[in-house]
Each structure stands twice: as C-alpha cells, then as structure tokens.
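Data first, discussion second: the structure below is written as structure tokens.
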Amino acid sequence: MNICCIGAGYVGGPTMAKIAQKCEDIQVTVVDINAARIAAWESEKLPVYEPGLLETVKEARGRNLFFSTDVDSAIDGADIIFISVNTPTKTYGIGAGKASDLKYVEKCARQIAKVAKTDKIIVEKSTLPVRTAESVKRILDAYGNGRTFQVLSNPEFLAEGTAMADLDNPDRVLIGGEKDEASQKAVQTLVDVYARWVPKEKIITTNLWSSELSKLTANAFLAQRISSINSISALCEATGADVDEVAYAIGLDSRIGSKFLKSSVGFGGSCFQKDILNLVYLCSHFGLTEVAAYWESVVTMNDFQKRRLSKRIVSALFNTVSDKRIAVFGFAFKKDTNDTRESAAIHVCKDLLEEGARLAIYDPKVDPLQIYQDLGLELNSEQITICTDQYEAARGAHAIALLTEWDAFRTENTDYAQICTEMEKPAFFFDGRNLTNLDEMRAIGFESHGIGKV
Ligand code: UDX
Ligand code: ADP
C-alpha cells in the first residue's frame with residue numbers, strides 16, 4: 001500500500017512519521033510545495049520541534065518514509081491521500097476573521113482530480129468546517145474520467161509538544177464516512193491502518209458530518225475550560241482566592257475532572273481560536289445567534305486574559321515601562337514546541353512594545369526570525385534583543401515576564417537568586433504560567449505576581 005500526505009506541517013509530518021514507523025510495509029510519502037520545509041524534513045534539523053519526533057523520523061526515513069516536492073507523482077502512486085494542508089482563518093471577504101480559508105484544501109482537491117489515474121481514498125486530516133468533505137467530493141467527481149474517490153474525515157487530535165505520545169496512544173481515532181458500501185470499504189481500509197497499533201475499541205467510525213463537527217467541538221470544549229478557569233483567575237485576584245487551589249478543589253469532582261484547568265496568560269496554538277471562530281461562523285450561518293455568541297465568548301475571555309497580564313505589568317512597574325528592559329521567558333504557545341501560532345506571548349510583547357518597553361526575549365526552541373516576524377519588526381529593530389539564555393535576558397532588566405512553561409524555567413532548573421542580583425530593583429517577576437512558587441520567589445527578593453493570585 002502507498003500513502004501520500006499533502007502538507008508537511010505540524011500535523012502531516014508527525015502523523016505520517018508515526019504511520020511509517022508502525023507500518024513498515026506501507027510506503028509513506030509526505031509532499032509539500034514548500035521546498036525549504038521538505039529539505040528540512042530530510043535533514044537533522046526538522047522544521048517541527050517535537051520530543052521524540054527526530055528519532056521516529058530517523059527510524060523510518062529512507063526505509064518507508066519519504067519527503068518530496070513532487071506532489072503529482074506522490075498523488076499518482078498513492079492508494080490513500082491525506083490532505084493535511086493549512087486552513088487558516090479567512091482574512092478577506094465573506095466570513096473574514098471567522099470562517100476557515102479553504103483555498104489550500106480546494107487546490108489539493110483539484111490537483112488530485114487532475115493527476116490521479118486510478119481510484120483513491122481521500123482523507124481529510126486538516127480541521128475543516130462541517131460539510132467540507134461534500135465540497136471536496138463534488139470537485140473530485142466533477143473531473144470525471146471514470147475514477148472514483150472516497151472522501152473520509154479523520155481529524156487529528158494530537159496536541160503539540162506531546163504529539164508522538166498522543167499518536168502512539170490516542171484516546172480515540174475518529175473516522176467519518178458515508179453509509180454506502182464503497183465508502184464503508186474505504187473506512188475499513190483506514191481502520192486497518194490504525195489497527196496495526198491502536199486497540200480496535202479506540203477506533204470509532206461515524207458519519208462524515210459528525211466526524212468533522214466532533215473535531216471543532218472537542219477543541220471548543222477544551223478551550224472553554226481554559227477560558228472558564230481564566231475568568232475565575234480575575235476574580236481570584238480581586239478577592240484573595242488562589243486560582244490553583246480553586247482548580248485543584250473543583251478538579252477533584254469526578255464530574256469536572258482535573259485536566260485543562262491550568263490558568264494561564266491565555267491559550268494559543270493554531271487550533272483553539274481558529275476552530276471556535278469557525279464554529280461561531282457556522283452557527284451564525286445557520287441563524288443560531290445565541291449559540292454563536294456563547295462560543296464566541298470563549299475567545300473574548302481569552303483576549304481579555306492576554307491583555308490583563310500586560311496591563312498588570314505596566315501598572316506594577318509604576319505605570320510606565322517606557323525604555324525599561326523587560327525579560328521575556330518563553331515565546332512558544334506552550335512548552336516543548338517551536339510553534340508560535342497565536343501564542344499569548346505575541347500579544348503581551350506587542351502590548352509592552354507599544355508602551356515603549358525594550359524586550360529581551362529567550363525561548364529554547366523558537367527561531368529568532370519567527371519572533372521578529374510575529375512582532376512585525378524589522379530584523380535590525382532595537383526594540384527587542386533575542387537572547388541565548390534566560391540569564392542574558394534578565395541581566396539589567398526591570399522585570400521578567402514568564403510566558404511559556406518550559407521546564408528550563410522551573411526554580412530547580414534556573415538560578416533565580418543569581419538572576420535577581422543582576423536585575424534593576426525592585427526586581428519584578430510576572431509568572432504568566434504559575435510555574436513557580438511565588439513565596440519562594442519573594443524570599444529570593446522578587447516582587448512576584450502570578451495569574452489568579454494576590
Ligand atoms: C489542541 C488540542 O489539545 C488537540 O487535541 C488538537 O488536535 C489541537 O489543538 P494544541 O493546541 O497543540 O492542541 O495544545 P494544547 O495542549 O491543547 O494547548 C493549547 C493552549 O492552551 C496552549 O497555549 C496551552 O498553554 C493552553 N492551556 C492548556 C492552558 O492555558 N491551560 C491548560 O490547562 C491547558
Ligand atoms: P498544520 O499545523 O495544520 O500541519 P502547517 O501550516 O504546519 O499546518 O502545514 C501545512 C503545510 O501544507 C505547509 O507546509 C504548506 O506549505 C503545505 N501546503 C499548503 N497547500 C499545499 C498544496 N496545495 N500542496 C502541497 N502542500 C501544501
């Protein structure tokens with residue numbers, strides 16, 4: 001069997017590496033129009049940082065895992081084609097700011113329709129609005145030529161930073177197809193691929209629309225939990241309660257559960273905001289105004305949370321950060337990834353830059369060029385300095401803003417006492433991830449602030 005995956009990004013790369021690792025007899029080719037990205041997948045420095053990914057890629061690369069820019073050949077030779085291209089929020093026209101931009105998906109469908117000479121199974125891996133499969137199928141079928149295409153939905157639930165473990169041992173694999181015999185046969189083919197390493201009871205099959213909607217709903221529910229606890233963090237700061245204590249207390253209720261209750265500077269990543277806005281657009285489209293408003297509030301709360309931290313920093317620093325050096329610890333949207341898409345750090349940094357601060361930024365994995373790009377700055381801008389470690393960033397700074405929960409920033413891994421001696425006084429510490437013990441930080445000499453703590 002031959003599998004082709006169009007799109008060598010954060011989803012396509014790790015997912016295909018795992019399939020190739022687990023199914024030695026299946027040839028897996030990952031293609032992308034971005035030649036630099038493909039070259040990086042073939043090198044020692046992969047374009048995606050994920051713990052365990054390089055090892056997995058090295059195990060299969062050249063054996064049954066290949067990376068290429070020759071999209072046509074890969075399509076032509078494949079039995080199953082995964083579409084794993086980006087589906088960003090539309091920035092123009094109808095639905096701008098909310099709807100998903102499906103132009104990349106549509107381009108893939110047209111390319112497959114033009115190139116394929118035999119029947120294919122097409123699998124939607126990218127997160128897509130409900131009923132996209134229908135459009136993809138119509139495009140494919142419109143080209144005729146006697147081939148048949150089965151379109152399946154198989155959303156990916158991996159989280160960045162834990163992608164390899166999530167792929168190894170997923171909570172579930174979801175495959176959506178149609179009721180007819182040909183579609184069910186295609187569903188079974190895909191089930192059999194996953195069944196090589198995923199227990200059968202964890203592979204669930206539904207109709208196409210349920211599968212597409214489940215992905216949006218899962219992300220909306222997860223994000224909603226974070227916005228809910230973040231809303232309470234603001235109340236904690238006003239009342240003297242401690243948000244971590246509240247989260248722990250409510251999380252012990254088995255009906256609530258303890259996961260995804262970590263209050264923070266705000267959620268980021270390529271999925272949550274995009275998928276919720278997509279859901280909001282879908283609800284509005286169907287005239288469900290109240291439902292749309294309900295889900296949109298999750299994003300509104302997240303925006304509020306991101307802004308709250310920058311405001312707090314300015315207000316604590318005697319109402320001005322102008323010309324003050326502020327050390328930023330972490331820029332990725334969470335630990336163990338080099339991805340900065342929608343990172344809360346971008347928003348906090350932009351707010352501080354607008355207030356005239358000079359930022360000294362250190363992230364263990366993010367490419368410095370990405371930081372300039374995310375902040376909309378020229379490469380020679382003097383407003384920010386990219387540092388090689390947290391000590392350099394903090395030297396001479398008035399404050400530290402810890403924005404990503406990298407293990408390296410834990411008190412056992414960073415000598416905060418040393419850092420404190422080299423900072424301006426009072427030395428402020430803002431923990432946007434509640435990663436440190438604020439009392440310990442105070443004992444060291446910091447004026448410390450956390451999220452949802454007085
Ligand atoms: C998410 C979903 O978890 C995953 O199933 C889906 O396939 C893609 O979207 P991802 O965005 O990679 O995955 O990471 P996730 O661990 O969900 O974190 C998203 C954001 O929420 C991060 O910024 C993280 O720091 C934040 N977060 C997460 C919190 O602030 N508090 C929490 O308790 C959990
Ligand atoms: P995700 O997080 O969903 O994986 P990424 O942006 O990391 O998103 O990856 C999507 C990839 O898809 C990009 O590398 C992009 O170049 C690629 N891509 C987009 N359109 C096409 C296409 N028509 N053919 C091949 N690759 C494409």
Yes/no for residue 63 being of a type outside the set (A, V, I, L, M), within 23 Å of residue 210 (Cα to Cα) and surrounded by fewer than 15 Cβ atoms within 10 Å (Cβ to Cβ): no
Just checking, does the stretch 193-200 include any residue being surrounded by fewer than 14 Cβ atoms within 10 Å (Cβ to Cβ), away from ligand 1 (no atom under 16 Å from the Cβ), more than 25 Å from the chain's Cα centre (by Cα) and of a type in the set (Gly, Ala, Ser)? no
Single residue of the stretch 388-438 satisfying the filter (touching a helix residue (DSSP H, G or I) at 6+ places or on another chain (Cβ under 7 Å) and β-branched (Val, Ile, Thr)) that is nearest to residue 266 (Cα to Cα): 404
Of the residues in the stretch 335-350, those that are open to solvent by 50 Å² or more (accessible area, probe 1.4 Å), in contact (Cβ under 8 Å) with a residue 40 or more places away in the chain and of a type in the set (D, E, K, R) come to 335, 341, 342
Can you pull out every residue in the stretch 105-117 that is surrounded by fewer than 20 Cβ atoms within 10 Å (Cβ to Cβ) and free of Cβ contacts under 8 Å to residues at least 40 places away in the same chain? 106, 107, 110, 114
Taking the stretch 20-37 as the search range and keeping residues that are open to solvent by less than 50 Å² (accessible area, probe 1.4 Å) and in a strand (DSSP E or B), which one is nearest to ligand 2 (Cβ to nearest atom)? 31
Taking the stretch 101-131, which residues are farther than 22 Å from residue 70 by Cβ and not basic (Lys, Arg)? 101, 102, 124, 127, 128, 129, 130
Within the stretch 370-415, which residues are free of Cβ contacts under 8 Å to residues at least 60 places away in the same chain, under 25 Å from the mean Cα position of the chain (by Cα) and more than 20 Å from residue 357 (Cα to Cα)? 408, 410
If we scan the stretch 67-88, do we find a residue that is assigned to a loop (DSSP other than H, G, I, E, B), more than 25 Å from the chain's Cα centre (by Cα) and either farther than 19 Å from residue 191 by Cα or within 16 Å of ligand 1 (Cβ to nearest atom) (or both)? yes
Only one of these is modelled with pLDDT of 95 or more, over 30 Å from residue 448 (Cβ atoms), crowded, with 17+ Cβ neighbours inside 10 Å and out of contact with any Lys or Arg (no Cβ under 7 Å at 6 or more places or on another chain): 313, 276. Name it. 276
Would you mind stating whether residue 17 is in a loop (DSSP other than H, G, I, E, B), touching a strand residue (DSSP E or B) at 6+ places or on another chain (Cβ under 8 Å) and either surrounded by 15 or more Cβ atoms within 10 Å (Cβ to Cβ) or without any contact (Cβ under 8 Å) to a residue 40 or more places away in the chain (or both)? no
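The values are calculated or read from the model by the stated rules, or taken from the named source; none is laboratory data. Keep in mind that this is a model prediction, so the values were computed, not measured. In this analysis, Cβ positions are derived from the backbone assuming ideal geometry, glycine residues included, and neighbour counts consider all displayed protein chains. These accessible areas exclude ligands, DNA and RNA; they are computed on the full protein's heavy atoms, side chains included. Shrake-Rupley method; radii C 1.70, N 1.55, O 1.52, S 1.80 Å.
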